[in-house]
Every structure is written in structure tokens, then in C-alpha cells.
Amino acid sequence: MEIRVEPLRASHRPHVEKIVRAAGVFNEGEIGVALELFDSFAADSGTGAADGGKRALDYEFIGAFDAERLVGYACFGATPSTDRTYDLYWIAVHPDAQHAGAGSALMRAVERQLVARPARLMIVETSSRDDYAPTRRFYNKRGYEEAARLRDFYAPGDDRVVLSKRMGAVVEHSSFPHDAYE
């Protein structure tokens, strides 16, 4: 499988839905949220943005493609009211493309974009359920560490696990925070 990563377009919506449904870990409410975020992105991107595309998107979507087939996607965005912190809202890979490098390619692409901006911190939230253990290992292998755990957040016995990774180290704090990096 040769994976390439590129931005998604509104026309990819049915493929995004197919991926989140096939993943087998998301319930109908979570699938609805994934599609709601995609619809917000599609409405804001390109000519759909109220300001003609001049403002930053709330949600950014990139896709992992094998030839012309979308096999995975990531959704991320700047965390409002923070100093260069970003959230990874979703990353999902179709089961028949898992373990082929699509998830890793998506994470590398997101992180490259964030380092170039320059982002300071990436936050990922996931579940503590057993079926999310491979997901947590995926993040741990890429340098994400557990920063917080909210017990019974999603449901009894299903904690919210918050992981974080520093994208760059601030050397000094100044009135111009974007120019103080190692």
C-alpha cells in the first residue's frame, strides 16, 4: 500500500462516514459528531467561508489515500483561547488499511504542519476502554504521554484519557511569543 496524505474536500464526506462506521469503536452519537465536524469544515473551506476563506478554519481535515481511495483521515484544529495549543479531534483508519502506515502518515503530516506554524502543544483525548488500548499504544509510540484522566467521564468505567505532546520548547517568554523557539 502506497499512502499519500493530502487535504480533504467536501466530496469526501461519504468516505469519511464509511471509515468511522467501519472502525467499529464509535457509537452513533460519535459518528454524528465526526460528520458534524466534517460538515463544518466543508462549509468553511474554500468559497464556503463567510470571509472568503481568509480566516483560519476551526477544523482542518487531511486524508490518507491509497491510490484514489481514502483509507483514513485526521481532524485537528487550534484550541481556542490558548497559546499555540492544538487538539487532534479525530484520527480514523479503515480496518482493511490498518497496520499499513496510514495512521502514522497522518500523524506525521499533522505534526509537520503544527511544527511549521509553530504550535506549542498537541492534545489528544481518548477512551480508557479495552478496545481503545491499540489507540493509546499508537499515541504512546509517537511520544504522547498521559497528562490527565477523568474517571467515569464517558460512562461508568470509561475514563477520558488526555494525552499531550510538546511540539517545540519555548526558550523565553516575550511579548512576541512566536519568535522564542529552540
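Throughout, read-outs are computed from the coordinates displayed, never taken from laboratory work. All of these numbers come straight from a predicted model, not from anything done at the bench. With ideal geometry, Cβ positions are generated from the backbone for all residues, glycine too; neighbour counts draw on all protein chains shown.
Taking neighbour counts of Cβ atoms within 10 Å as a proxy for exposure, in what order, fewest first, do Tyr59, Tyr73 appear?
Details: Tyr59 20, Tyr73 26.
Listed from fewest to most nearby Cβ atoms, that is Tyr59, Tyr73.
Any chance you could run the full-extension gain for Ala116 through Asp39? It's 0.36 nm times the residue separation minus the Cα-Cα distance, nm to one decimal. Before the final figure, lay out the partial values.
Working: separation 77, 0.36 × 77 = 27.72 nm, distance 2.63 nm.
Extra length from Ala116 to Asp39 when fully extended: 25.1 nm.
Rounded, prolate or oblate: which fits segment 96-166 when a ≥ b ≥ c are the square roots of the eigenvalues of the alpha-carbon gyration tensor, with rounded for a/c under 1.5 and prolate only if a/b beats b/c? Mind showing how you got there, number by number?
Numbers: a/c = 2.85, a/b = 1.36, b/c = 2.09.
Oblate shape, in that a/c is at least 1.5 and b/c is the bigger or equal ratio.
Quickly estimate the mean residue ellipticity at 222 nm for the chain, helices only: each DSSP H run with n ≥ 4 gives -39500 (n - 2.57), and the total goes over all residues, rounded to 500. Intermediate values should be presented prior to the final figure.
On the way: 4 runs with 52 residues, N = 182.
Helix contribution divided over all residues of the chain: -9000 deg cm²/dmol.
Per the Kirkwood definition applied to all pairs of different Cα atoms, how many angstroms is the hydrodynamic radius of segment 1-159?
Numbers: mean 1/r = 0.0609 Å⁻¹.
Computed over segment 1-159, the radius equals 16.4 Å.
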